[in-house]
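Below is one structure; the comments refer to it alone.
The values are calculated or read from the model by the stated rules, or taken from the named source; none is laboratory data. Bear in mind that the values here come from a model prediction, so they are computed numbers and not experimental data. As a convention, Cβ positions derive from the backbone with ideal geometry for all residues, glycine included, and neighbour counts pool all protein chains shown. Note: accessible area is taken over every heavy atom of the protein model, side chains too, but ligands, DNA and RNA are not part of it. Shrake-Rupley method; radii C 1.70, N 1.55, O 1.52, S 1.80 Å.
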Amino acid sequence: MPGFAYAAIAVIGAVAVLNLTLTLALARWLRETQTAAAHDGGAAPEVLPAPGLEVTGFPHVDLTAGRRTVVMLTPTCPPCQTILDTLTVDARRYRHDTFVFMIGMPEDTVEMAPRLADFDTATINEDQAEKEFGVKGFPAVLSVVDGVVVNSSHQLPVLA
């Protein structure tokens, strides 16, 4: 009987080691597959414009003179809601140079619009945001000086 018990323990141990090896191999394969699928094997895609992008001639707001902060928010993303909350609470501090683009169809942004009553706003779709500003990820906060993007971020600037 003891010989049978030792053999059973050896088999169970071997199966456990094999299971662990296969699980680790599967996890590694999934990680490599997801990384390759997400980035097509290249670098991570840029979702914000690089400094130097010229953003002139936009019909909703004149960005060609002076400094403006352009904020782009969608009604469905949680980080956008956080920025919207900050803008709402600190409207007096942010409104002097901030222009807010609500991304989506007007019926999608109807709940967001009243909260932004103290700001200059416009509603555009994602394709326009990408075409005009090079923005593919939201929220987007762009610092624009004389029609040129000088900085881009996913967070509001810290005001003194």
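Quick look at the numbers
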quantity: Estimated D of the stretch 42-125 in µm² per second, where Rh is the Kirkwood radius over Cα pairs and Stokes-Einstein applies at 37 °C, 0.692 mPa s; calculated: 235
quantity: Relative contact order (%) - the chain, alpha-carbon pairs under 8 angstrom, separation at least six; calculated: 29
quantity: Charge sum, other residues only, whose C-beta stays under 13 Å from T88's C-beta, Lys/Arg counted +1 and Asp/Glu -1; calculated: 0
quantity: Accessible surface ranking that places the most exposed of Y94, Y6 first, with a 1.4 angstrom probe; calculated: Y6, Y94
quantity: Calculated P(r) of the stretch 43-85 - Cα pairs past 15 Å, %; calculated: 61
quantity: The chain: calculated mean residue ellipticity at 222 nm from DSSP helix runs of at least 4, using -39500 (n - 2.57); calculated: -13000 deg cm²/dmol
quantity: Mean projected area (nm²) of the alpha-carbon convex hull when the stretch 94-160 is viewed from all directions; calculated: 5.0
quantity: Solvent-accessible heavy-atom area per residue, rounded to whole Å², over the chain at 1.4 Å; calculated: 63
quantity: Solvent accessible area, Å² - H60, 1.4 Å probe, full protein context; calculated: 90
quantity: Solvent-accessible ranking of D97, D90, D146, largest area first, probe 1.4 Å; calculated: D146, D90, D97
quantity: The stretch 7-160 - charge dipole about Cα centre, Lys and Arg +1 at Cβ, Asp and Glu -1, debye rounded to 20; calculated: 580
quantity: For the chain, share of DSSP beta bridges that run antiparallel, in % to the nearest 5; calculated: 55
quantity: In Å, descending, principal axis extents of the Cα set of the stretch 9-160; calculated: 76, 35, 31
